[in-house]
Amino acid sequence: MVFTQSAPRAKENRRHFAIDPAWPDRRWLHRANPAFLLAAALIFATAAKAQDPELPGQGPMQQTSETPGKTSGNYITQQNIEFGYRDSTIHGNLSNYDTFLNYGSGWRLFDYDLDMHSVNHRGLLFDDLSFNNFGYGGDPNSVSRLRIDKNKWYDFRAMYRRDEYFFNYNLLANPLNPTTFPTPVAIVNSPNALNYDRHMQDYDLLLLPESRLRFRLGYSRVSTGGPGSTGYEPTSAVVGNNVQAITNEYRLGLDYRGLPRTTLSFDELLNYTRVNTSVADQNFSFQLANGTPVDLGVVFQGTTPCAKPVTNAASVPPTVTANCNGILSYSLADAPRAKFPVEKFSFQSNYFKNLEMSGSAAYSSSSNVMTDLSELFNGWISRTATRGSTTAGPAEAKRVTADANWAGEYHITQKLSLRDEFYYHNWRIPSSWATAETNLFATKPGPGQTGLTLPISPATPTNFAAICQPPFTSASCPQHSASSGPDVLNEAVSQFLGQNLRSNLVELKYNFTDHLSAYIGYFYQARTISDFAATIDTGEIYLPGGATGTAANDFLAARSDCAITGGVLPSGCTLNSATGAITEFGPDAGSDTARNFYYIHENAAEFGVSARIKDKLRIHADVMAGYNDNSFTRISPRQLQSYKVHATYEPKPWASVTAAVDIQENRDNVFAVNNIEHGRTYSLATALSPRNGFTIDFGYSYLDAYTQTEICFPNSSALFTQACPVANASSPLGTLSFYASRDNYAYADVMWKPQKRVTAMIGYLGSIVRGSTTFLNPLTPTGTLDFDYFTPYASVTFDIYKGVSYRTAWNYYGYQNYGLANPVGLAPLPSENFNGNNVTFVLRYAY
């Protein structure tokens, strides 16, 4: 199918999934901020025209553009505007194209620049003004920058950026749903699709920039929001969400330069973030036999009790059995808040002879609080017999950080110098939250009632004794299974994670000649990591009732954490003989009773050499090797090696060749871990300019990334059935997991001026990526492991008249997936490939 995009296409392409129409329109922010910057620039520009003319003997400042500019009063003014139209014609998967690029058709302001410079630094309001813009009219990225300064008085800078982040790369494979189902469900969007707008503003003011005491003020604001979707377990449903996050940051700083060759600085930073999230299930694409809308999720396991979910594919919507896991309604709302103050003192000095120093010390204490959380689920989860649930609970986490660093270089002789860097970083994150959850269970089935059609039991701990008596099989009693959770869950969770890090690097450097130098160094780092995790049950209640309930299991009140072992209840579980309910208090199994400490020490040696041969060949090489005596995670290396070689060769003034090799090797290949990682990059680039008006650039790089680690997993697998090699692991199965990726990237472009007024350019860049990884399920698609992505381009520019030019540019984008996109036996996935052309027609005016 061919899609020819018209001007409003940039909006149309974003409607790939449901968007809440009640979500507030944030486009005013996109319009208001550039207008503010433009208004400020025009006010200052108008004031500049009233200044004195150029004074005799004062020449103009050097111009940064090829145009000479115009003199107006005391200012030299330059402007550049590029305006035109982009035509975008895309074939294939538009969601993937928007994920990668998101360029649509329409009129665009490709670029606008305004520069004003005072001839003699005697402007009334400012000496220099620079105003730059690009991307307005519908592009996913638009930027405005404004800088105004007045010699010896101030330097003001402002920036506005807008990013539209669109993601809808679908790898769900429709998703492990066998084609033997009566109606395989087509999953056309990613379960985690989103379309966020991010507006970023930055304002910085420097007062008295050349005085001994200067002041810095700043403010930044980031606003992110938009619709999206996310996967919800345990029903594997795709639910819509709306997010609005705002961060405000205030900065205050001062620099004191009253001491000789020394600068002392102090900075205060205040950061405040608020996030509002609302989630709701609006994807009711099926119905029960009684007409009730239901969401079955996106993964049908094909097992009892949902082996054949669709009972009537001809109905609209399709009718499904009530025995499947499903959702009748779901919603979640939360509003986390965070504040993050930072105080920092820093200095730079070369006060002492032959000694250069710099350092800083900082302290911060952040607070993250979520006082409001509400989650409501109405549906059916067959394995636990849960009919619905409600969840609420506050949470709070802090992050306290103290760090300091010092670096100094002492020149022992003219050729020999000693450098030392010390770094201290101490952080800790204590957190706690309370959980209040109510799990609702169905009543005993009546005629024709099953699964999603079962009524919810009205029983609560308060009224249970009145409506449900032994043997707890009456119509109002909740029906549990042996794997059901508690009816009421109240927990207090306390966690802690912290690290105390100290490191020191010492290097000795010697300059043998002006063209040859070398250094040798030693690095030492000590880390102490501590953690703690405890879950305290403050009142879990298990009510009796269920088809398999007997006196031996307290009519299924004794289940989950309170399941009877050896004929007795576990410690902390107490039976209420009057109601048959069991209440659990105390720490959960596996909770820490004290902090855990991990000590890690790293020693590393390094060596480097730099050489320059006849001012044509420059080579720099580094080697580093280190060892850690412990690791905190299974992918934390204990052996490290790094090798780097960079070279530049200039055989002629118009020719240069650069080459680089960068290799990183990590190991933790002890028993039951077997972690091996490497990242290897090789690159070569050439630039040639044999004559004016003709240049050639081309290059190639190769990236080889690999990692492997023993993993354990709980579920059965058709591919791996060996036992987990990790002692005391909770998962029974294991295998050696690996990931390998090889990326071949190449580019080339040629610029040619066949005539004075004509400039032509043609080029190409692209990647060929091939990889492999461990798939526990043989039906999993390979996704982005194997693909080609090519983007050739060309342009021609005509200088029509002084300051006026016209440019036509062509870009081709081609994405081709070569992996396993549609495993045999599954409902087919839409093609991930796309290709198309973007053509721009641009008119430029500059003076």
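Select from the stretch 121-166 the residues that are part of a loop (DSSP other than H, G, I, E, B) and small (Gly, Ala, Ser) and write down the one among them that is farthest from the chain's Cα centre (by Cα).
Taking the candidates together, the pick is Gly123.
Could you go through the stretch 685-702 and let me know if any residue there is assigned to a loop (DSSP other than H, G, I, E, B) and within 23 Å of Gln525 (Cα to Cα).
no
So which residues in the stretch 307-346 are basic (Lys, Arg) and under 22 Å from Pro394 (Cα atoms), if there are any at all?
If the condition is that a residue be basic (Lys, Arg) and under 22 Å from Pro394 (Cα atoms), then Arg337, Lys339 are the ones that fit.
Condition check: out of contact with any Leu (no Cβ under 6 Å at 6 or more places or on another chain), modelled with pLDDT of 90 or more and surrounded by fewer than 19 Cβ atoms within 10 Å (Cβ to Cβ). Does Pro471 satisfy that?
no
Just checking, how many residues over the stretch 770-792 are open to solvent by less than 30 Å² (accessible area, probe 1.4 Å) and among the aromatic types (Phe, Trp, Tyr)?
Qualifying residue count for the region: 0.
In the stretch 498-523, how many residues are under 30 Å from Ser365 (Cα atoms) and without any contact (Cβ under 8 Å) to a residue 12 or more places away in the chain?
Of the residues in the stretch 498-523, 0 are under 30 Å from Ser365 (Cα atoms) and without any contact (Cβ under 8 Å) to a residue 12 or more places away in the chain.
Could you please find all residues in the stretch 242-281 being open to solvent by less than 30 Å² (accessible area, probe 1.4 Å), assigned to a strand (DSSP E or B) and not polar (S, T, N, Q)?
Across the stretch 242-281, the qualifying residues are Val243, Ala245, Ile246, Gly253, Asp255, Val279.
Just to be sure before I move on: is Val238 among the aliphatic types (A, V, I, L, M), over 30 Å from Arg261 (Cβ atoms) and in a strand (DSSP E or B) in the structure I sent?
yes
Condition (residue is open to solvent by less than 50 Å² (accessible area, probe 1.4 Å), closer than 23 Å to Ser805 by Cα and at pLDDT below 95) applied to the stretch 139-156: is it met by at least one residue?
yes
Among the residues of the stretch 627-680, write down those that are open to solvent by less than 30 Å² (accessible area, probe 1.4 Å), in a loop (DSSP other than H, G, I, E, B) and aliphatic (A, V, I, L, M).
Correct list: Ala672, Val673.
Condition test on Ala748, is it touching a residue at least 40 places away in the same chain (Cβ under 8 Å) and either under 31 Å from the mean Cα position of the chain (by Cα) or open to solvent by less than 30 Å² (accessible area, probe 1.4 Å) (or both)?
yes
Taking the stretch 69-94 on its own, how many of its residues are open to solvent by 10 Å² or more (accessible area, probe 1.4 Å) and closer than 29 Å to Ile187 by Cβ?
5
Search the stretch 412-466 for residues being assigned to a strand (DSSP E or B) and β-branched (Val, Ile, Thr), and hand back the single one that is least open to solvent (accessible area, probe 1.4 Å).
So, considering only residues that are assigned to a strand (DSSP E or B) and β-branched (Val, Ile, Thr), the one least open to solvent (accessible area, probe 1.4 Å) is Thr435.
Among (1) crowded, with 16+ Cβ neighbours inside 10 Å; (2) within 24 Å of Leu452 (Cα to Cα); (3) over 28 Å from the mean Cα position of the chain (by Cα), which single condition is Thr391 missing?
(3)
Here's a check for you: in the stretch 828-844, which residue that is of a type in the set (A, V, I, L, M, F, W, C) and in a strand (DSSP E or B) is farthest from Tyr793 (Cα to Cα)?
Here the residue is Leu843.
Just give me the residues in the stretch 513-522 being open to solvent by 50 Å² or more (accessible area, probe 1.4 Å) and either in contact with a strand residue (DSSP E or B) (Cβ under 7 Å, 6 or more places away or on another chain) or within 22 Å of Glu584 (Cα to Cα) (or both), in sequence order.
Across the stretch 513-522, the qualifying residues are His515, Leu516, Ile520, Tyr522.
Across the stretch 282-294, what is the total count of residues that are open to solvent by 60 Å² or more (accessible area, probe 1.4 Å) and either under 17 Å from Pro336 (Cα atoms) or assigned to a strand (DSSP E or B) (or both)?
1
Quick one: how many residues across the stretch 157-173 are at pLDDT below 95 and of a type in the set (Lys, Arg)?
Residues that pass the stated criteria total 0.
Considering only the stretch 610-626, state which residues are open to solvent by 40 Å² or more (accessible area, probe 1.4 Å) and charged (D, E, K, R).
Answer for the stretch 610-626, where residues must be open to solvent by 40 Å² or more (accessible area, probe 1.4 Å) and charged (D, E, K, R): Arg612, Lys614, Asp615, Lys616, Arg618.
Can you pull out every residue in the stretch 797-816 that is of a type in the set (A, V, I, L, M) and surrounded by fewer than 16 Cβ atoms within 10 Å (Cβ to Cβ)?
Ile800, Val804
Please verify whether Gly123 is open to solvent by less than 30 Å² (accessible area, probe 1.4 Å) and over 24 Å from Leu207 (Cβ atoms), treating the condition exactly as stated.
So Gly123 fails the test.
Identify, please: which residue in the stretch 772-788 is out of contact with any Gly (no Cβ under 8 Å at 6 or more places or on another chain) and hydrophobic (A, V, I, L, M, F, W, C) and is, among those, nearest to Leu829 (Cα to Cα)?
Result: Phe775.
Can you tell me which residue among Gly572, Gly586 is under 30 Å from Ala459 (Cβ atoms), small (Gly, Ala, Ser) and in contact with a Phe, Trp or Tyr (Cβ under 7 Å, 6 or more places away or on another chain)?
Criteria check complete, one pass: Gly572.
Give the number of residues within the stretch 228-241 that are β-branched (Val, Ile, Thr) and either open to solvent by 20 Å² or more (accessible area, probe 1.4 Å) or without any contact (Cβ under 8 Å) to a residue 60 or more places away in the chain (or both).
2
Hey, can you tell me all the residues within the stretch 719-739 that are buried (at least 16 other Cβ atoms within 10 Å of the Cβ) and closer than 30 Å to Tyr789 by Cα?
Ser737
What do you reckon, is Val316 surrounded by fewer than 17 Cβ atoms within 10 Å (Cβ to Cβ) and over 27 Å from the mean Cα position of the chain (by Cα)?
Considered against the rule, which asks whether it is surrounded by fewer than 17 Cβ atoms within 10 Å (Cβ to Cβ) and over 27 Å from the mean Cα position of the chain (by Cα), Val316 comes out as yes.
If a residue must be part of a strand (DSSP E or B) and of a type in the set (Asp, Glu), how many such residues does the stretch 493-517 contain?
Matching residues across the stretch 493-517 total 1.
Determine if the stretch 535-548 includes at least one residue that is assigned to a strand (DSSP E or B) and open to solvent by 40 Å² or more (accessible area, probe 1.4 Å).
Yes, because at least one residue in the stretch 535-548 is assigned to a strand (DSSP E or B) and open to solvent by 40 Å² or more (accessible area, probe 1.4 Å).
I'd like to know if the stretch 822-841 contains one or more residues that are open to solvent by 50 Å² or more (accessible area, probe 1.4 Å), free of Cβ contacts under 8 Å to residues at least 40 places away in the same chain, under 30 Å from Pro68 (Cα atoms) and of a type outside the set (Val, Ile, Thr).
Within the stretch 822-841, not a single residue is open to solvent by 50 Å² or more (accessible area, probe 1.4 Å), free of Cβ contacts under 8 Å to residues at least 40 places away in the same chain, under 30 Å from Pro68 (Cα atoms) and of a type outside the set (Val, Ile, Thr).
Can you tell me which of Ser530, Ser494, Ser503 is under 22 Å from Phe585 (Cα atoms), within 40 Å of the chain's Cα centre (by Cα) and of a type in the set (Gly, Ala, Ser)?
Within the list Ser530, Ser494, Ser503, the selection yields Ser494.
The values are calculated or read from the model by the stated rules, or taken from the named source; none is laboratory data. All figures in this text were calculated on a predicted structure; none of them were measured in a lab. So basically every Cβ, Gly included, is an ideal-geometry build from the backbone, and we count neighbours across all protein chains shown. When the accessible area is computed, the model is the full protein with side chains, heavy atoms only, and any ligands, DNA or RNA have been set aside. Shrake-Rupley method; radii C 1.70, N 1.55, O 1.52, S 1.80 Å.
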